[in-house]
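Everything on this sheet refers to the single structure shown next.
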Amino acid sequence: MKNYKLILIRHGESEWNKLNQFTGWTDVNITEKGKKEALQASRILKRNGFNYFDIAYTSLLTRAIHSLWIIIKNLDCAWIPVEKTWRLNERHYGSLEGLNKEEIEIKYGSKIVQGWRRSYSSVPPLISDQKRLELGNKVQYCNIPISLIPRSESLELTLIRVIYYWKKNILPQIKKNKKIIIVAHGNSIRALVKYLGNISDNDVIDLNIETGKPIIYEFNNFFQPVKYYNL
C-alpha cells in the first residue's frame, strides 16, 4: 500500500500582515520575520524526512513565491519544476485591501468584519470595474479573461477556483505518486483544507492557517485524505 503525501505551507509573514492590513491580491513582500519563518519551515520538513519534492505549486503573488524559493533552496531542490497560478492566490478582499483591520472594525463593527474575514459566504465590498480592469491589465494577469478577475471574494468563491486547479493539475500528479509541496495563502489553503476535510461551512470559521507552519496530508490508495497534521 502506497502512502501518498501532500505538503501545504502558508507563506511567511508579509509586510501587510505585520501592519495588520487586508492584503488579498495586493502584491507585497515578506518581512525579515517571514523569511525566517520560511527557513524554519524548510528545517522542520528536513528534520521530518521531507527533503525532496518532484514539483511545487504556488500563486502569482511575491510573498508566496519568495517563501517557496527559500524553502526549496534550503532543501537543496531549487531546480524542481514550479507551477505558478492565480488560482492559488489569496482571496480577493475587494475594497478592503490596504486598509487596517482594526480601523475597519471600528467603522463597520466587529460582527460584520469577522463575517468578511472568517465566514464561508460573506463577500467584502467590491472594487470598481475600473480597478478590476487595472488589475487584469497587470502583466501576470493579462492572459486571464477579465470576467475571471474578481472584484471581491468570499471563501466560497476562492474554493471554487482552488478546487478547479486541484482537480485538473495537482491531484493527477498525486495519483502518479509525485512528491508535492504547495506554498500559498491563508485562505487558498483554508479552501483546500475545507474541501479535503469535508469541513462544514460553520466549522470553517474556526479554521486558522498559521504562517510558515507545514501541514501534512496523507492519502489512501483511493486518493482520499486519511490523515491531516501539523509539523
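Each value in this text was obtained by applying a stated rule to the coordinates, not by laboratory testing. Every value quoted in this text rests on a predicted model; they were computed, and no experiment measured them. With ideal geometry, Cβ positions are generated from the backbone for all residues, glycine too; neighbour counts draw on all protein chains shown.
General observations
- Against the chain, whose longest principal axis is taken from its Cα atoms, helix 155-165 shows a tilt of about 40°.
- Which of Leu99, Leu6 has the fewest Cβ neighbours within 10 Å, and the rest in rising order: Leu99, Leu6
- Rounded to the nearest 20 debye, the dipole size of the stretch 143-215 about its Cα centre is 600 debye, using +1 on the Cβ of Lys and Arg and -1 on the Cβ of Asp and Glu.
- Angle between the chain longest axis and helix 32-47 axis [Cα atoms, degrees, rounded to 10]: 30
- Exposure proxy ranking, count of Cβ atoms within 10 Å, fewest first, for Ile70, Ile65, Ile160: Ile160, Ile65, Ile70
- Where only DSSP H runs of four or more residues are counted, the chain gives -11000 deg cm²/dmol as its mean residue ellipticity at 222 nm, each run worth -39500 (n - 2.57).
- In loop segments of the stretch 142-231 as defined by DSSP, the trypsin sites (Lys or Arg not before Pro) with at most 13 further C-beta atoms inside 10 Å of their C-beta are Lys176.
- Both the radius of gyration and Dmax for the chain are 17.2, 55 Å, in that order, over alpha-carbon atoms.
- Antiparallel DSSP beta bridges within the chain, percent to nearest 5: 50
- Angle between the chain longest axis and helix 186-197 axis [Cα atoms, degrees, rounded to 10]: 60
- Members of Lys36/Lys227; Lys46/Lys179; Lys33/Lys213; Lys84/Lys175; Lys5/Lys176 lying beyond 18 Å, as alpha-carbon distances in this model show: Lys36/Lys227; Lys84/Lys175
- Separation between Cα centres of the stretch 1-30 and the stretch 76-148, rounded to whole Å: 13
- Computed over every Cα-Cα pair of the stretch 115-177 and binned at 5 Å starting from 0, the pair-distance distribution P(r) comes out as 4, 16, 17, 19, 19, 13, 7, 3, 1 percent.
- For the stretch 25-122, averaging the sequence separation of C-alpha pairs within contact (under 8 Å, six or more residues apart) and dividing by the residue count gives a relative contact order of 30 percent.
- Ordering Phe50, Phe223, Phe22 from the fewest to the most neighbouring beta carbons within 10 Å gives Phe223, Phe50, Phe22.
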